[in-house]
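The structure under discussion appears below in the form of structure tokens.
Any read-out appearing in this document is the output of simple, stated calculations on the displayed coordinates, not a laboratory observation. Since the model is a prediction, treat every value here as computed from it, not as a measurement. Virtual Cβ from ideal backbone geometry, glycine too; neighbours counted across all protein chains shown.
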Amino acid sequence: MRNWVLPDWWEDSLAQNPANRALAEIAISRMLGLPIQTLRDPQAKLERPLVGDVRLKRLRSTKPDEVAPAIVLAQQAATTIVPFLQNLPPFTPQRDPLVIRAALLKTNPVVDLGALVEFAWSAGVAILHLSALPTASKKFSGLALFSDARPVDVLASASDSPPWLAFHLAHELGHIMLGHVQVGQDGLADIDFAKLEDEGTEEEADRFALLLLTGHPEPQLKAVYGMTAEKLVAAARQTQQSQRVDAGTIALVYGLTAKRMPVAQNALKLMQMHRGARAILGSALKRRLPADLPEVVERFAALAGAA
């Protein structure tokens, strides 16, 4: 709360002053979507905000109100930041992931997170990554929505690994490009990318993402006896050269399909691909925002890594 919601100068003792307390209440209401009347009533019970205008692709064990604070924060971030974005082209839907992949490979050695981020912005899709979510809320992986006529993908994975976030972004782009989310319709939130209740659109978005990243709809790698992280790095780099698939993506495909995620995670660390995603996403957003922003917009931008 203190780091992302309240003003920089805030100290708890300032709440004794009604004017200071009013400023804090306004900041909390704007950032978290809580009714200001409730915040001003010491006797009122704070209820979790309702998730409006969002369809939850959720695990069977997750209730909507358990993820509501995080979803509301993401919605607030999108609707607050989007009006201040500069020099964005109109949204251009592109349904074929192989066509997108071919175009990206003309100017990039592989389709990785950096290439995907620049493609998304050039296609008119705003990309945000929230570095922190309310601690009382369950987390979500991604949210695809429209803010007026502007499509927005909000990523919220705790991972800082570019290959991990590349898949999350490609998946959310699939929701946008395939028309799962449209102007005037509810947004679509992914609570997890496995064992979802509604698998139709999720399978389509997964297929879109895998075709975009690898050129194959269902890449499979079998477990290999004695495959260490070092050997996986060597194999992934060799495959990157021959098939133009990012080595980090190959490591993740091996980890997921061969059920060898510890090996894959260690391989990402050896390749220095376990961190750096937030910097890529945040700098891309920062380049599209003016230097001077209203305080509430600046706070959301900082939450998205564009400080």
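Annotation: the residues Ser131, Ser161, Ser242, Ser122, sorted from fewest to most other C-beta atoms within 10 Å of their own C-beta, follow the order Ser242, Ser122, Ser131, Ser161.
Backbone geometry of the stretch 279-289 corresponds, through the Karplus equation with coefficients 6.51, -1.76 and 1.60 at θ = phi - 60°, to 3J(HN,Hα) couplings of 5, 4, 5, x, 5, 5, 5, 4, 5, 10, 10 Hz, x marking Gly and Pro.
Spin-label model, Arg287 to Ala149: label points 7 Å out along the Cα-to-beta-carbon direction sit 2.5 nm apart.
What is the order of Leu145, Leu211, fewest Cβ neighbours within 10 Å to most? Write out the running numbers ahead of the final one.
Details: Leu145 26, Leu211 21.
The order, fewest Cβ neighbours first, is Leu211, Leu145.
Along its first, second and third principal axes, ordered by size, the stretch 186-297 spans 56, 35, 25 Å in Cα coordinates. Shown for Val110, Val99, Val152: other C-beta atoms within 10 Å of each C-beta, ranked fewest to most, produce the order Val99, Val110, Val152.
Taking each residue as 0.36 nm, the span from Gln37 to Leu85 lengthens on full extension beyond its C-alpha to C-alpha distance by 14.2 nm. Phi-derived couplings, Karplus 6.51 cos²θ - 1.76 cosθ + 1.60 at θ = phi - 60°, listed residue by residue for the stretch 150-167: 9, x, 9, 10, 9, 9, 9, 5, 6, 5, 10, 7, x, x, 4, 5, 5, 5 Hz, with x used for Gly and Pro.
Placing dummy labels 7 Å off each Cα toward the beta-carbon, the span from Thr257 to Ala223 is 1.6 nm. Gain on full extension, evaluated as 0.36 nm per residue between Leu178 and Ala132 minus their Cα-Cα distance, stands at 13.7 nm.
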